[in-house]
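First the structure, in the form of structure tokens, and then the observations on it.
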Amino acid sequence: MPFVPEFKSDPTVHTQALWFIFQEGSLLVQETEDGPRIPRSEDLTPHLFHLEDRQYIGSLDGLPCFAAGWPTSESVPATLEAQGLRGLFWKMADDQVWVAGRANHLVHWSRAHRFCGRCGSATVDKTDERAKRCPDCGLVNYPRVSPAVIVAVLREDRILLARSARFPKAFYSVLAGFVEPGETLEGCVKREIREEVGLRVEKIRYFASQPWPFPDSIMVGFTAQYAGGDIRVDGKEILEAGWFTADDLPQVPPRISIARQLIDWFVANNPSL
Ligand SMILES: [Zn+2]
């Protein structure tokens, strides 16, 4: 049964409930012979009262799922290990990784909105929806989602790939960037490609989207055609960029990412192969 998102302000804590607990963006898991395991209520009994920003987020395979934060100042329980979420992509089932991502997004939001951004008073959780309300000035904050575009730019039988200074390893990927206030998604595609590599693009088409909970984005994927210009990189954010054919690709991102889905789509639909 897939994950079913749900809001409850006062859920029952079942002994088999799954707890997606984060400390500074790292997920607390139990290391087992079969790989990382998400702890259940019964594994956490002495620790449940330590958890911060607790929220019921829905159910996975019929099991209730909770998101929570582990205090930054406290060491992690001996039975658990803090692991970076990106590193778990290859070790845990995809559906668990995505529920963990949702949990990370919501814990980050809850932690960042303990106080009102307008008047500074302590906020309270609303009981009828997932939101925080300021009891003094009435400001209501909902979990924020920050849209970003990610684009496969094509030129005949080649795809534009770039090496970003932000990448953990020296791999190449399609270009991406955050949407600015007042901008359309298509306008963002044109601006990002122009700013990052100095090219013009046209025929922008929607591809697919993917939540990107690091900590609160959604990646909106597009394809676009090269329309002019020569590649120029700034050497700071983008270190290198170039055109690649399907049979001569550099190291590319892992399969779970929409970046890889765009590259795989290019390879599968490439007329030169
Ligand atoms: Zn306020």
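The values are calculated or read from the model by the stated rules, or taken from the named source; none is laboratory data. The model shown is predicted, which means the values in this text are computed figures rather than measured ones. Backbone-built Cβ (ideal geometry, glycine too); neighbour counts: all protein chains shown.
Points worth noting:
- Taking residues in the stretch 9-21 that are at positive phi, and partners anywhere that are of a type in the set (A, V, I, L, M, F, W, C), not one pair has Cβ atoms closer than 6 Å while being at least 6 places apart or on different chains.
- Restricting attention to the stretch 119-131 and to residues that are of a type outside the set (A, V, I, L, M, F, W, C) and either near the ligand (Cβ under 10 Å from one of its atoms) or in the same structural domain as Gln55 (by TED's automatic domain parsing) (or both), the residue that is nearest to Ser217 (Cα to Cα) turns out to be Thr123.
- Search result, residues across the stretch 191-221 that are more than 28 Å from Val97 (Cα to Cα) and crowded, with 17+ Cβ neighbours inside 10 Å: Glu192, Ile193, Glu196, Val197, Leu199, Val201, Ile204
- Test: residue in the stretch 96-113 that is touching a Lys or Arg at 6+ places or on another chain (Cβ under 8 Å) and within 16 Å of the ligand (Cβ to nearest atom): yes
- Among the conditions (1) more than 19 Å from Arg200 (Cα to Cα); (2) at pLDDT 95 or above; (3) of a type in the set (S, T, N, Q), Gln251 misses just one, which is (2).
- So Glu31, is it in a strand (DSSP E or B) and charged (D, E, K, R): yes
- Residues within the stretch 1-28 that are among the aliphatic types (A, V, I, L, M), more than 18 Å from Glu52 (Cα to Cα) and assigned to a loop (DSSP other than H, G, I, E, B), tallied: 1
- Top-ranked residue in the stretch 132-156 [being over 28 Å from the mean Cα position of the chain (by Cα) and modelled with pLDDT of 95 or more; ranked as farthest from the ligand (Cβ to nearest atom)]: Arg155
Yes/no per residue for (1) out of contact with any His (no Cβ under 8 Å at 6 or more places or on another chain); (2) assigned to a strand (DSSP E or B); (3) over 17 Å from Phe214 (Cα atoms):
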position	(1), (2), (3)
Val99	yes, no, no
Trp109	yes, no, no
Gly117	yes, no, yes
Glu129	yes, no, yes
Pro135	yes, no, yes
Val149	yes, yes, no
Leu154	yes, yes, yes
Ala162	yes, yes, yes
Gly182	yes, no, yes
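- Boolean, Phe207 is at pLDDT below 95 and not basic (Lys, Arg): no
- Filter pass, Gly69 being outside the structural domain of Trp212 (by TED's automatic domain parsing), on the phi > 0 side of the Ramachandran plot and either without any contact (Cβ under 8 Å) to a residue 12 or more places away in the chain or crowded, with 16+ Cβ neighbours inside 10 Å (or both): no
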